[in-house]
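Where a number appears in this text, it was derived from the coordinates with a stated rule and is not lab data. Since the structure is predicted, the reported quantities are computational estimates derived from the model, not experimental observations. Cβ: placed from backbone, ideal geometry, glycine included. Neighbour counts: every protein chain shown.
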């Protein structure tokens, strides 16, 4: 029987690409198919080329982001009765898709050994989330992170962040971040009020200052990614970047923010409920009390 091909579409975002690659490759290996996708050079994933067999049916998966991720399980349950191609479009952010295949998936990527067993690393994505209204409304106050710290036994706190500086900011800084975020943006988004962004960042800096955090920003995202993977204790909010860094690590304790992106409502993903070995969910939806009803 002629074999089809899985053509994997990559969107923007490193974490998104890892979901898309992993879903497509699992799909291909399940049905004995080849794959076509761009490279992920930072992790040693080379480009795969190939043409769709036009003589067989092509099925598009994930073209509608309104479809719940749980529908994707059906593509792995039964063998194909007839040969076909697949085109994959979407984010495929459902941890249950990958849970049965973790050992296999981790072998696809180069390993980073755990070298820090005494400290805690916290990933905080801030820059664009300080100027996009919905993203800011998903952020939680410093008090929520401090509650989560109690689940860990650590000496030093490391914070990996995309913020260029860990300091108080002003409205000029917010405008500068917004200008940078707007470059090349085709689809408009609702921006935050400068005072809200300033308040959040400044209270976050003040709230975590008591832990004398060591701030890490390598200016190269793959170095941040590998740095997170080198820790035995990892804590993060709602970042797919950090989710994959934790998933591809050998950390023994990993805390993922349970509500994930509550501002999305019914379209929220289940990544905050990830229950891989050593993982736990932390946090409440304290953002509503913090932000009010904005």
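Details
- Exposure proxy order (Cβ contacts within 10 Å, fewest to most) of 86, 14: 14, 86
- Dividing the summed helix terms, -39500 (n - 2.57) for each DSSP H run of n ≥ 4, by the number of residues in the chain produces a 222 nm estimate of -9000 deg cm²/dmol to the nearest 500.
- Helix 14-30 axis, angle to the chain major axis (alpha carbon atoms, nearest 10°): 30
- Ranking of 30, 247 by count of other Cβ atoms within 10 Å, fewest first: 30, 247
- Folded to 0 to 90 degrees: helix 171-182 orientation relative to the chain principal axis, Cα: 10
- For the peptides 262-271, 33-42, 227-236, residues were scored by their other Cβ atoms within 10 Å and the scores averaged per peptide; the highest-first order is 227-236, 33-42, 262-271.
- Using only Cα coordinates, the Kirkwood hydrodynamic radius of region 5-107 works out to 14.0 Å.
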